[in-house]
1. Which members of the stretch 193-224 meet the condition of being over 17 Å from GLU174 (Cβ atoms) and within 19 Å of the chain's Cα centre (by Cα)?
2. What residue, among those in the stretch 458-472 that are basic (Lys, Arg) and part of a loop (DSSP other than H, G, I, E, B), is modelled with the lowest pLDDT?
3. Show the residue pairs meeting these rules: Cβ distance below 6 Å; 6+ apart or different chains; first residue within the stretch 315-344 and without any contact (Cβ under 8 Å) to a residue 40 or more places away in the chain and farther than 20 Å from SER401 by Cβ; second residue β-branched (Val, Ile, Thr) and outside any loop (DSSP other than H, G, I, E, B).
4. If you scan the stretch 304-322, which residues turn out to be in contact with a Leu (Cβ under 7 Å, 6 or more places away or on another chain) and buried (at least 21 other Cβ atoms within 10 Å of the Cβ)?
5. Which residues, counting only those in the stretch 446-471, are small (Gly, Ala, Ser) and within 16 Å of VAL255 (Cα to Cα)?
6. Please enumerate the residues belonging to the stretch 210-236 that are polar (S, T, N, Q) and either closer than 19 Å to PHE108 by Cα or modelled with pLDDT of 90 or more (or both).
7. Take the residues in the stretch 225-240 that are of a type outside the set (Lys, Arg) and under 31 Å from the mean Cα position of the chain (by Cα); name whichever of them is nearest to ASN146 (Cα to Cα).
8. Can ASP425 be described as at pLDDT 95 or above, in contact with a Gly (Cβ under 6 Å, 6 or more places away or on another chain) and in the same structural domain as ASN315 (by TED's automatic domain parsing)?
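The values are calculated or read from the model by the stated rules, or taken from the named source; none is laboratory data. Every value quoted in this text rests on a predicted model; they were computed, and no experiment measured them. Cβ atoms come from the backbone with ideal geometry, glycine included; neighbour counts cover every protein chain shown.
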Amino acid sequence: MPRPTGQFRAMGIAAIALALAACGGADTSPATTRSGPASSASASATPHAPDAALTAQSLALAEKQAQQADPSTPLDNVPAGTIAAKQAYTSGEVARKALAVRIPVYRFYNSQTGAHFYTTSEAEKNSILATLPQFHLDGVAFHGANTFSPGLSPVYRFYNTQTGVHFYTISETEKNNILATLPQYHLDGPAYHASQVAGAGLTPLYRFYVSSRGFHFYTASEAEKNSIVATLSSVYTYEGPAYYVLATEWKAEKVPHTGVTNQQCYQATLNTPVDCSLPATTSLNAQQDGHRTAINTMSYSAYGAYPTTACIKDNVTGLIWEAKTTDGGIRDKDKLYTKLNNGLSTDVYPFIAAVNASNLCGFSDWRLPTRDELLGLVDYSSTVAPRAQLANTGLDKHWTSTSAPGYSQSSYYVDFTWGDSAVYDHSYPQRARLVHGTAQTGPRSIVSTVAYGSDAANNTVSDTRSGLQWRRCEEGRTWNGSICTGTVSYFNTHESALAYAQSKAGWRLPNIKELASLTDLSARPAALDPTVFSADQSNYHWASTPEMLATNPGYAWAVLFNGGYVTRGTRSGSPFAIRLVRDIR
């Protein structure tokens, strides 16, 4: 029987037609129990099947509930068993939140039967690899969530005692109907969690029924689904989406890259950045900012049919930015505004009202960006000001909507001459660039555990907004289960910080936008979230990003967490701490 080719996209149709005796969703029981992972026991039997119409009805009801749900309810307040508001799905918030509990679903190919087997169990996967040589691991088919995450629902696993295969449904109605009418189906319990509502970061898991053999087949591949519908509809009855799983290829990270290029990495003993592909740069640190230029590369395009002289779409964050002009009009790049809310034409709030009244690009909800949103526009590769890829960016400071906690007359700014960010009084005239889109709000941190030195459990923090996972302690300290103990390690040179991070496999030094995004700017003083981080937060931390302004040779970027300031330090003689990061696995 021919071996399927391609990662879940070009499965051999002959293999599908001849031997899918035991396909289903993810299996968490040991492969050797019952009929094994790909048994064909009683495969020729044609027992009564679950009712696909019940799943379709459940998905339609869930969509209606999502449309009617209150969009102002924070996602974290949505209890288990409740559908979230539709915008939480379409914005990707549900999928981003689930990243902290995401697990892979592995697919095996049985060379003896031509069937495929799916499992979420690492132990089962390893047991199959060790004991069943006829099973070939294809890789990860898709992802589910291993526990409840807001907006998701449990996927129930049944075992069919007549056919020896598994069946999966997210529909409570279908589950209850099976229990009432199909005694040959044994309920094993929840296999994982998925979504009943479509949205960003979610992909449909399609369901087919093979009536001649009495089993279901599932695929998350659009191409494979279309091929089966086109060529095998007489055998495979298409039943529609079973539910929506977490997309394997989806990149949830919403922190745009810094713009630093692959020609701007450091090598030992030199302060002038060089080609990142040189052995001298990779031996110092192979995960410098310039080595990661392809990850969330800053990218902008026209929004719909509107000209880029009106508004511009950020292709990484999805935000729509006001385009600035040079015509001396209301949106001129050099217009300065206070932030006193005094009603004067020189204040930023009448400017916002005027832009909304003009219905710019069809929107009447333009606003000042948050500090992190505006910082996302800074291009740190630039050797001359302005530091932005957007046309007509004015020099100097720009207002954000992020107030300085405890200082009602001050807010954070982002400076497009230098690339730094701090706080300024509202009476100081500054520039403004407006944005359209939903600002990320609400709780964002989930603790989890990774093997790391002598740390106790729950030693990492997963940021559900950015898709990044952080060490809970600065380097030099150890998590004892409740606090960070020991003494912070200070790195007197940026070079030594890069070298140290290189020695910690799987971890890296964050770039300046990633590091700045970790700060809780709602605290007073701004710091790290005290509910999940326990450390001395009064110190500076190194980022991997070089300072490229020609006027500042020998500097690199850093964050002062006590205040949330984005600043810089000399690469030699600045004793800063470091906190390591990695992408959520």
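1. ALA198, GLY199, ALA200, GLY201, LEU202, THR203
2. Looking at residues that are basic (Lys, Arg) and part of a loop (DSSP other than H, G, I, E, B), I get ARG465.
3. Once the first residue is without any contact (Cβ under 8 Å) to a residue 40 or more places away in the chain and farther than 20 Å from SER401 by Cβ and sits in the stretch 315-344, its partners that are β-branched (Val, Ile, Thr) and outside any loop (DSSP other than H, G, I, E, B) give ASP332/THR325.
4. So in the stretch 304-322, the residues in contact with a Leu (Cβ under 7 Å, 6 or more places away or on another chain) come out as 310-312, 321-322.
Hits for the stretch 304-322 are CYS311, ILE312, TRP321, GLU322.
5. Our first condition is that a residue be small (Gly, Ala, Ser); within the stretch 446-471, this holds for 448, 451, 453-454, 456-457, 462, 466-467.
Within the stretch 446-471, SER462, SER466, GLY467 meet the criteria.
6. Restricting attention to the stretch 210-236, the residues satisfying the condition of being polar (S, T, N, Q) are 211-212, 219, 221, 226-227, 231, 233-234.
THR219, SER221, ASN226, SER227, THR231, SER233, SER234, listed by residue number.
7. In the first step, residues of the stretch 225-240 are kept if they are of a type outside the set (Lys, Arg); the result is 226-240.
From the residues that got through so far, the ones that are under 31 Å from the mean Cα position of the chain (by Cα) too are 226-227, 239-240.
Working: ASN226: 29, SER227: 31, GLU239: 26, GLY240: 24 Å.
The selected residue is GLY240.
8. On the way: at pLDDT 95 or above: yes; in contact with a Gly (Cβ under 6 Å, 6 or more places away or on another chain): no; in the same structural domain as ASN315 (by TED's automatic domain parsing): yes.
No; evaluated as a whole, the condition is false for this residue.
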